[in-house]
1. Highest mean first, what order results for 402-410, 317-325, 183-191 on Cβ atoms within 10 Å?
2. Give me the distance in nm between label points sitting 7 Å out from Cα along the Cα-to-Cβ direction at A51 and N229, one decimal.
3. For L6, put the label point 7 Å out on the Cα→Cβ axis and report which residues of region 63-82 keep their amide N under 19 Å from it.
4. How far is the Cα center of region 337-406 from the Cα center of region 174-246, in Å?
5. Can you list residues whose amide H is under 5 Å from W130's amide H, if they're 5+ apart or on another chain and H is modeled 1.01 Å from N?
6. If packing is taken as the average number of other Cβ atoms within 10 Å across a peptide's residues, how do 213-221, 392-400 rank, most packed first?
7. At 0.36 nm per residue, and after removing the present C-alpha to C-alpha distance, how many nm does the segment from K410 to H276 gain when stretched out fully?
8. Enter the accessible area per residue of region 169-228 (Å², integer; probe 1.4 Å; all protein chains in place).
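The values are calculated or read from the model by the stated rules, or taken from the named source; none is laboratory data. None of these values were measured; they are calculated from a predicted model. Heads up, the Cβs are rebuilt from the backbone with ideal geometry, glycines too, and the neighbour counts pull from every protein chain shown. Surface areas here come from the heavy atoms of the whole protein model, side chains and all, with no ligands, DNA or RNA. Shrake-Rupley method; radii C 1.70, N 1.55, O 1.52, S 1.80 Å.
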Amino acid sequence: MLVSVLGARDVRDDETEGCLVLAPERVRWASDVVPDDAHVDSTLGSLNELAAARADPERLARNWALCETVDEAENELAAATDLTASKLGRNLLICEGSPPERHADREALVQAATRLETRGGALMVLGSGWARPSRSPASSGTSSREDRISILRDRFIADLEGTPAQSPRCGFIGEVDIEDEQDLDDVVCAAARAQKIIAQRHGNGRPPVVIRISGLARTLASLCKDGENFVGSHAAFASLLERCARMLALFEQEADSGETAPNSLVIAGLLDALPHAYLGLELLSQVLDSVSSALFVTPTAQLSIEANAAMGTHLVASTLVHLSKCGFADRLCVCSGVRFKTDLQKWGGDGYAMGPVRLAEVLARAGLPTESVTRILGENLFRTLLWYAPPVAEAPKPRPRWACDGPCGKTYSAKREPFTRLEFRYCSMDCLRAHQRELDADKPAKDDGNRRGGGGRRGAGNVGKWGVTVGSS
């Protein structure tokens, strides 16, 4: 079953076939994640300011807020739904993974998504995300590591088991936005343990975990000491892959699937950190081979790739084609890459669906089989989102019944009072008399002397011996 904003429900075949799934996305507004050096007082009121924002999207504080109102978010999702249906002939499902720490009004977003889903538009699955609150220390010295892990684990579990009538119910764990290496072990442990507990409680189904590492890439780049201290350097990328391998090993150890459903860990934001200094596709292939050896060593990891990555649609397509030819077509998924206001249709960007639509066309021209394109654009991740199995309802305890000892042999509810005689129970006097005749016929015959003179009194004697009571004896 799929756990969307309307709660857990079965999904029709026409909703799953060829569905375009974008995960993780950020349909947020009023974000407080603004760099200290951003120009907070800048606006996007003119074409010059839009051009400046496109050239340096992180420079303007307002560009980080995405949708400013719930209506704007709903309009963007509706436009993406229409585009997906007209261009691909598919349904749209968005995994909204904005961490609550970076979202001002999650309830309003749920209302918008609910209206879209109710009228047959885009489906939306919410994530139980996490991000370190802005400008907070990496960890608190007032609590132990196990306490911090337990608190975050319980938060994930509560979000996935919540009641839709009381709070938005989440359908996956994420996005978990790791920016500091000090957070990595604790947060990955909490997510893996939550996934394991959910599996034990709900028929071994495991919700996917989505971890974004683009922020960690920026942090690691700033720590490089060999002169390549920028995102996209070989040194920063090698350092990031090393952390990813460690994260994957830790996740496997903590989740410990055993004989239950497989783990599912989706890593997002890796292409943001791909080296920019490659000379061509040959060097890109070498880099992607290192990605394969670091991430795809177990069935656990999937890789989410942004259709609108800064490296360009054709290079993104080349990446997907290469990984598909290596046998990983079932381990890839996409998101639109919408991160800034200028990425939205209202502000001249592609919006939530145009990037994947354009990517699908390029992949087809590159010769990638249609079934591989379909899996990458939706089916791979959709399969992991159908993890939920409702608790099996306990069968009602059978009501006590009793069987008639007479010739009918029928059973009756305990609510019906039987006619009792000695240790026998009967549904009616007819059954009682019939059974009495059977028992009398089985008795050995007595001599005539014993029977003489007793005919008229035999009935009275039998009434005493076969005394009848209505009810239990």
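1. With the highest mean Cβ count within 10 Å placed first, the list reads 183-191, 317-325, 402-410.
2. Roughly 3.4 nm, to one decimal.
3. 74-75, 77-82
4. Region 337-406 and region 174-246 have Cα centres spaced 23 Å from each other.
5. E175, V176, D177
6. Highest-to-lowest ranking by the protection proxy: 213-221, 392-400.
7. Working: separation 134, 0.36 × 134 = 48.24 nm, distance 8.32 nm.
Net length gain for the segment: 39.9 nm.
8. Using a 1.4 Å probe on heavy atoms only, each residue of region 169-228 averages 30 Å².
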